[in-house]
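Structure, as structure tokens:
The values are calculated or read from the model by the stated rules, or taken from the named source; none is laboratory data. Since we're looking at a predicted model, the values are computed, not measured. Note that each Cβ is placed from the backbone with ideal geometry, even for glycine, and that neighbours are counted across all protein chains shown. Only protein heavy atoms, including side chains, enter the accessible area calculation; ligands, DNA and RNA are left aside. Shrake-Rupley method; radii C 1.70, N 1.55, O 1.52, S 1.80 Å.
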Amino acid sequence: MKKTLAAAIMAGLSAACAPDANTTDKDEQMASDPYLWLEDVDSERALNWVRGENERTLNVLQSDPQYEALYAEALAILASDERIPYGKISGGRVYNFWRDDTHVRGIWRRAPLASYLNGAPSWETLLDIDALASAENENWVWGGADCLPPDDDKCLILLSRGGTDAKVAREFSLTDKAFVADGFAAPEAKSWTAWLDGDTLLIATDWGEGSLTTSGYPRIVKRWRRGTPLNTAETVFEGETSDVWALPTVKHAADGAYAFIIRGLSFFESETFPMGPEGVAASLPLPRHTEFKGAADGKAFFVLNEDWSHQGTDHPKGALVAYDLNSGAAELVFAPKYRQSIAEAALAKSDVFIELLDVVVGKALRLRRSPDGWVAQEVPLPDNGVVSLVSASGDRNEVLLSFESPIVPDRLIHVSEDNAVRTVDAVPDFYDASDVAVEQRFARSADGTEVPYFVMGRRGVLASGGAPTIQYGYGGFLIPILPNYLTTPGRPQDGALAGKMWISRGGVLALANIRGGGEFGPGWHAAALKENRQRAFDDFFAVSEALIDTGLAAPDKLGAIGRSNGGLLMGAALTQRPELYKALDIGVPLLDMLRYHKLLAGASWVGEYGDPDVREERAFLEAYSPYQKLEAGKPYPRVFFYTSTKDDRVHPGHARKAAAKLNDLGYETYYYENIEGGHGGTANQEQLAMRTALEYVYFMRELMGEAAP
């Protein structure tokens with residue numbers, strides 16, 4: 001639940017297109033790329049290679065004396081029933097999805113809001129995914145639910161097979177606690193749906209040949225009426241094949257429902273089309289780099305990712321603005337100051353809540369309309385932590401927040417209409433942090449830019465230095481890297497897992513807030529786009545050098561970890577500065593930047609990286625593409641790769657080809673590919689605990705020695 005809307009949308013998008021349908025191009029590529037066959041995801045030859053690599057890697061890492069203890073530690077945290085049941089407020093209830101050791105796939109449940117806020121929720125199970133999977137003999141993984149307010153009886157349940165991004169949608173009745181016979185049901189695809197009313201859906205899906213963009217996303221939105229076949233749904237909007245996607249969204253506020261079509265021109269550029277009873281209207285006159293945050297009281301709210309001059313008024317990038325859907329006027333709701341950024345915004349009944357980053361430290365603001373404009377009031381919360389908006393409801397001016405830091409377990413906080421703050425629930429300590437400290441420091445990048453980073457370790461270790469250190473980074477897609485205690489799904493760099501599995505054994509963790517992310521708003525992101533990607537890499541290297549130069553990290557005991565776009569970062573670290581790192585954990589990565597746009601969802605990221613089919617852009621991609629840069633005779637560390645066969649977002653061929661190439665060049669690698677699990681790489685907590693244990697065993701062997709404590 002603790003995830004920004006923008007990040008959630010980004011994380012949910014992927015394509016269903018084939019790895020590469022251009023046979024001629026494939027033949028040409030095969031001549032220069034002998035590992036192209038590994039892109040054929042489910043071929044027996046490729047899967048035999050995967051099985052062999054898995055067996056070799058698991059034989060080593062799982063036989064390490066530390067593995068069983070690390071697995072038990074990870075599973076105890078990830079499957080603990082003492083986690084906070086974060087939920088969504090709607091209609092006087094809180095809805096929560098819950099996994100534990102008796103509900104491996106999970107249960108969807110709800111409780112009255114009053115009982116939830118009193119710390120003793122009276123849970124009512126709505127759907128048991130374990131029982132459903134068993135009854136239907138399907139490997140179902142929960143994909144979420146979309147219910148129609150205010151009554152919330154009609155819901156669409158999203159389910160995927162094995163954790164892929166492709167999902168089926170099935171109508172579910174909360175009154176009957178059962179799927180609706182002859183109700184709405186959409187087949188497996190990358191789809192977006194939204195309730196227009198109780199008998200009508202807006203849906204964007206794969207309508208057949210020619211209905212997807214070149215990125216593999218839906219470009220056609222239709223109105224689907226109850227009781228009619230899906231293939232008879234009425235087209236209400238059609239984008240271009242060259243777009244990235246077209247998706248419907250309906251915001252149900254206290255004063256009614258607001259329907260919009262979002263046309264994605266690139267990953268970051270979009271047009272917003274209001275939809276009324278007479279159909280889709282003209283797009284709003286907004287800049288293309290905006291993030292839609294909701295609608296209420298006749299206004300649509302957007303965060304600007306570029307400067308905007310409208311009707312004689314200049315609005316700065318990074319600001320939250322409200323656009324009047326009737327008059328066309330725009331007003332400034334909130335503008336962050338220098339080194340601040342809006343991480344998220346949520347609309348309540350009439351107030352707006354903002355999750356603010358202030359030099360990467362979290363705060364929360366309540367914005368309330370007054371005759372003189374919007375007035376900001378800070379929510380009184382603890383200092384020096386991560387603040388996340390959990391849920392706001394359109395029928396009340398209150399909000400659920402969370403507060404955490406790597407050494408402070410999550411706290412669920414309720415903020416009332418009068419701004420009173422009350423802790424509703426808190427996670428127990430998953431490790432002993434009494435002697436652990438977190439410090440924010442700054443490094444100087446190659447171009448002089450000051451780059452913040454956090455370090456975490458035992459106080460004595462931070463003071464004495466020379467410690468085995470793991471450095472984490474991402475640097476892309478406007479996503480900030482924050483010092484969390486425990487996220488969902490858990491990551492090795494989360495404070496709880498790192499504290500228990502690494503810090504307690506004498507290690508240090510560093511989180512690098514490099515350019516390309518959203519730590520300081522859209523400018524921080526834009527600074528590392530396309531031809532400027534090297535800045536993100538240089539920022540990461542600068543933090544590594546600062547860790548060594550200050551004596552905190554021993555020069556021969558520095559490792560790094562990154563996944564997805566962070567896997568690309570790790571690929572750059574491997575090929576550009578191999579002497580800096582003694583271990584690199586590279587997860588579900590992008591590595592072949594000359595073919596990434598031809599693989600799964602890759603074409604949608606051209607706005608971030610550039611287009612390899614454009615000569616000028618191919619030139620700067622060739623300058624750093626890690627896969628092509630791998631060569632013999634370099635001081636590469638022993639790398640750990642992981643990916644998933646079922647990843648239908650970032651193609652597993654990236655990791656496969658890089659590992660195979662390194663092996664044939666004579667380098668020893670570790671490689672693990674889960675057969676299911678989607679882009680997250682795992683389908684349940686046991687699989688996640690296993691992979692987390694593998695990662696920390698790897699770091700202990702490489703940075704602490706095989707006789708690690």
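Determine, yes or no, whether residue 321 is within 25 Å of the chain's Cα centre (by Cα), within 25 Å of residue 519 (Cβ to Cβ) and surrounded by fewer than 23 Cβ atoms within 10 Å (Cβ to Cβ).
Numbers: within 25 Å of the chain's Cα centre (by Cα): yes; within 25 Å of residue 519 (Cβ to Cβ): yes; surrounded by fewer than 23 Cβ atoms within 10 Å (Cβ to Cβ): no.
Spelling it out, it is not the case that residue 321 is within 25 Å of the chain's Cα centre (by Cα), within 25 Å of residue 519 (Cβ to Cβ) and surrounded by fewer than 23 Cβ atoms within 10 Å (Cβ to Cβ).
Take the conditions (1) open to solvent by less than 50 Å² (accessible area, probe 1.4 Å); (2) not in a strand (DSSP E or B); (3) not β-branched (Val, Ile, Thr); residue 95 misses just one of them, which is (2). Starting from residues that are assigned to a loop (DSSP other than H, G, I, E, B) and small (Gly, Ala, Ser), keep the ones in the stretch 508-535 and report whichever is surrounded by the most Cβ atoms within 10 Å (Cβ to Cβ). Result: 516.
What about residue 266, is it part of a loop (DSSP other than H, G, I, E, B), touching a residue at least 12 places away in the same chain (Cβ under 8 Å) and of a type in the set (Ser, Thr, Tyr)? Before the answer, list the steps.
On the way: part of a loop (DSSP other than H, G, I, E, B): yes; touching a residue at least 12 places away in the same chain (Cβ under 8 Å): yes; of a type in the set (Ser, Thr, Tyr): yes.
Judged against the criteria, residue 266 is a match.
The residues of the stretch 597-618 that are under 17 Å from residue 269 (Cβ atoms) and either more than 25 Å from the chain's Cα centre (by Cα) or crowded, with 18+ Cβ neighbours inside 10 Å (or both), listed by number, are 597, 601, 603, 604, 605, 606, 607, 608, 609, 610, 614, 617. No other residue among 257, 295, 300 is in contact (Cβ under 8 Å) with a residue 60 or more places away in the chain and assigned to a strand (DSSP E or B) apart from 257.
Look at residue 376 and say whether it is open to solvent by less than 30 Å² (accessible area, probe 1.4 Å) and more than 19 Å from residue 428 (Cα to Cα). No, not satisfied.
Residues of the stretch 669-676 include at least one that is in contact with a helix residue (DSSP H, G or I) (Cβ under 9 Å, 6 or more places away or on another chain), under 20 Å from residue 580 (Cα atoms) and in contact (Cβ under 8 Å) with a residue 12 or more places away in the chain. Applying the condition of being among the hydroxyl-bearing types (Ser, Thr, Tyr) and crowded, with 17+ Cβ neighbours inside 10 Å to the stretch 141-180 and asking which residue is nearest to the chain's Cα centre (by Cα) yields 164.
Counting the residues of the stretch 289-318 that are over 22 Å from the mean Cα position of the chain (by Cα) and open to solvent by 50 Å² or more (accessible area, probe 1.4 Å) gives 10.
If I filter the stretch 121-128 for residues that are touching a helix residue (DSSP H, G or I) at 6+ places or on another chain (Cβ under 7 Å) and modelled with pLDDT of 95 or more, do I get at least one hit? Show your work before the answer.
Quick first cut of the stretch 121-128, residues touching a helix residue (DSSP H, G or I) at 6+ places or on another chain (Cβ under 7 Å) only: 121-122.
Narrowing the set further to residues that are modelled with pLDDT of 95 or more leaves 121-122.
Yes - at least one qualifying residue is present in the stretch 121-128.
All conditions in (1) in a loop (DSSP other than H, G, I, E, B); (2) touching a residue at least 40 places away in the same chain (Cβ under 8 Å) hold for residue 287, with the sole exception of (2).
Let's see how each residue does on (1) modelled with pLDDT of 95 or more; (2) over 28 Å from residue 489 (Cβ atoms); (3) part of a strand (DSSP E or B):
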residue: 135; (1), (2), (3): yes, no, no
residue: 145; (1), (2), (3): yes, no, yes
residue: 150; (1), (2), (3): no, yes, no
residue: 163; (1), (2), (3): no, no, no
residue: 170; (1), (2), (3): yes, no, yes
residue: 186; (1), (2), (3): yes, no, yes
residue: 194; (1), (2), (3): yes, no, yes
residue: 207; (1), (2), (3): yes, yes, no
residue: 214; (1), (2), (3): no, yes, no
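Restricting to the stretch 98-115, name every residue that is open to solvent by less than 50 Å² (accessible area, probe 1.4 Å) and in contact with a Gly (Cβ under 7 Å, 6 or more places away or on another chain). Explain how you work it out, then say what you get.
First, the residues of the stretch 98-115 that are open to solvent by less than 50 Å² (accessible area, probe 1.4 Å): 98, 100, 103-104, 106-111, 113, 115.
Residues satisfying the conditions are 98, 113.
The set of residues from the stretch 259-272 being open to solvent by less than 30 Å² (accessible area, probe 1.4 Å) and within 19 Å of residue 220 (Cβ to Cβ) comprises 259, 260, 261, 262, 264, 266, 270, 272. Screening 432, 447 for residues that are at pLDDT 95 or above and within 20 Å of residue 569 (Cβ to Cβ) leaves exactly one candidate, 447. Taken over the stretch 665-678, the residue count meeting the criterion of being under 19 Å from residue 627 (Cβ atoms) and either surrounded by fewer than 20 Cβ atoms within 10 Å (Cβ to Cβ) or modelled with pLDDT under 60 (or both) is 4. For first residues located in the stretch 530-556 and under 16 Å from residue 454 (Cα atoms), partners that are at pLDDT below 95 and part of a strand (DSSP E or B) and lie 6+ apart or on another chain with Cβ distances below 6 Å form the pairs 548/555. Filtered by the rule that a residue be closer than 28 Å to residue 252 by Cβ and either touching a Ser or Thr at 6+ places or on another chain (Cβ under 6 Å) or in a strand (DSSP E or B) (or both), the stretch 319-340 gives 320, 321, 322, 323, 324, 330, 331, 332, 333, 334.
Residues in the stretch 378-400 that are under 12 Å from residue 416 (Cβ atoms) and within 23 Å of the chain's Cα centre (by Cα): 399, 400.
Within the set 39, 68, 28, the sole residue that is modelled with pLDDT of 95 or more and surrounded by fewer than 21 Cβ atoms within 10 Å (Cβ to Cβ) turns out to be 68.
Each row is one residue, and each column tells you yes or no for (1) without any contact (Cβ under 8 Å) to a residue 60 or more places away in the chain; (2) touching a Phe, Trp or Tyr at 6+ places or on another chain (Cβ under 8 Å); (3) more than 22 Å from residue 598 (Cα to Cα); (4) open to solvent by less than 20 Å² (accessible area, probe 1.4 Å).
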| residue | (1), (2), (3), (4) |
| --- | --- |
| 187 | yes, no, yes, no |
| 199 | yes, no, yes, no |
| 211 | yes, no, no, yes |
| 214 | no, no, no, no |
| 218 | yes, yes, no, yes |
| 221 | yes, yes, yes, yes |
| 226 | yes, yes, yes, no |
